[in-house]
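These notes concern the structure reproduced below.
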Amino acid sequence: MVMPKAPMTAPARLGLLLPWVNAAPPVPVGTVRRHLRAFAESFDGSAEVGHLRSHGTPAHEISQATPAALEALRTRLRELLRRGFPPNIDVKDGQWINDQPWGQTFPLMQAFSSLRFGVICMGRPAPRKLVRASSHERRTFRAPGAYTLLVEGDLADLVLFFVAHLLTAPGMAVVSRCAAPAPNNWEARCHRFIVGSGVGRPPECCSGACRVRAHAERLRTLEREATGRKKRKGKR
Ligand SMILES: [Zn+2]
């Protein structure tokens, strides 16, 4: 028996792009193209993607995109995600860490100038008499998704719009940023984007190496606090 495919969750859709957006380690161009295509094609008008459908697949544009165009798209995606978080995102030693260079606005507002939209009615069968319909029939008839929103446009605008739209979907509270110290500079944070599975707390660190650094930092802070207490006692 062939089991029906479970719908892809919003975190799983975003998870197709995040390793590339973080670029740590760098993702081969072939993998980027494959994941971009799976991501774009997953916007099929279902409830999981908020009844949004890609009108025609951008498969040709994805295969033709130059490495420079892909890199420009990656930069735009990074900016969209980064500036969706408030500028002051972490506290370290009692001080806020600001992740926004001076002059940058929050949130990032931008034009998606190539996008075109349309709608199609999905032709939901109505119960014969709504007053006599069961509550289940009524709920199904009135549920969101009577129409599907269609969108088409240039690859970069399209992917950016899909990501922006996806972030409002159920389960997307799991996007966070790695709070571990940055490699080679403990004054800064790693700040890679992390997407959890949607079940339980999102992970605090993006990788094993970051977990080790975060743990070492916690130990160092505890040691400093203990030394401070000893010094204060000695002065009394
Ligand atoms: Zn990290």
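Readers should treat all values here as calculations from the given coordinates under stated rules, not as data from a laboratory. Small disclaimer: the values here were computed from a predicted structure and weren't measured. Note: ideal-geometry Cβ built from the backbone for every residue, glycine included; neighbour counts use all protein chains shown.
Observations on the structure shown:
- Backbone geometry of the range 97-105 corresponds, through the Karplus equation with coefficients 6.51, -1.76 and 1.60 at θ = phi - 60°, to 3J(HN,Hα) couplings of 9, 9, 9, 10, x, 4, x, 7, 8 Hz, x marking Gly and Pro.
- Partnerless cysteines in the chain, where a partner means another cysteine C-beta under 4.7 angstrom, comprise Cys121.
- Taking a point 7 Å out from the Cα of Ile120 in the direction of its Cβ, the residues of the range 143-164 whose backbone N falls within less than 18 Å of it are 145-153.
- Net charge over other residues, Cβ less than 14 angstrom from the Cβ of Pro170 (K, R count +1; D, E count -1): 0
- Point-charge dipole on Cβ atoms (K/R +1, D/E -1) for the chain, about Cα centre, debye to 20: 1340
- The amide H of Leu150, built 1.01 Å from its N in the peptide plane, has Arg53, Gly118, Val119, Ile120 as neighbours under 5 Å, considering only residues 5 or more places off or on other chains.
- Protection proxy ranking, peptides 161-174, 213-226, average beta carbon neighbours within 10 Å, highest first: 161-174, 213-226
- Of the residues Pro101, Val199, Gly123, the one whose Cα sits farthest toward the positive end of the charge dipole of the chain, with +1 on the Cβ of Lys and Arg and -1 on the Cβ of Asp and Glu, is Val199.
- Angle of helix 208-235 to the longest C-alpha principal axis of the chain, folded into 0 to 90 degrees and rounded to 10: 40°.
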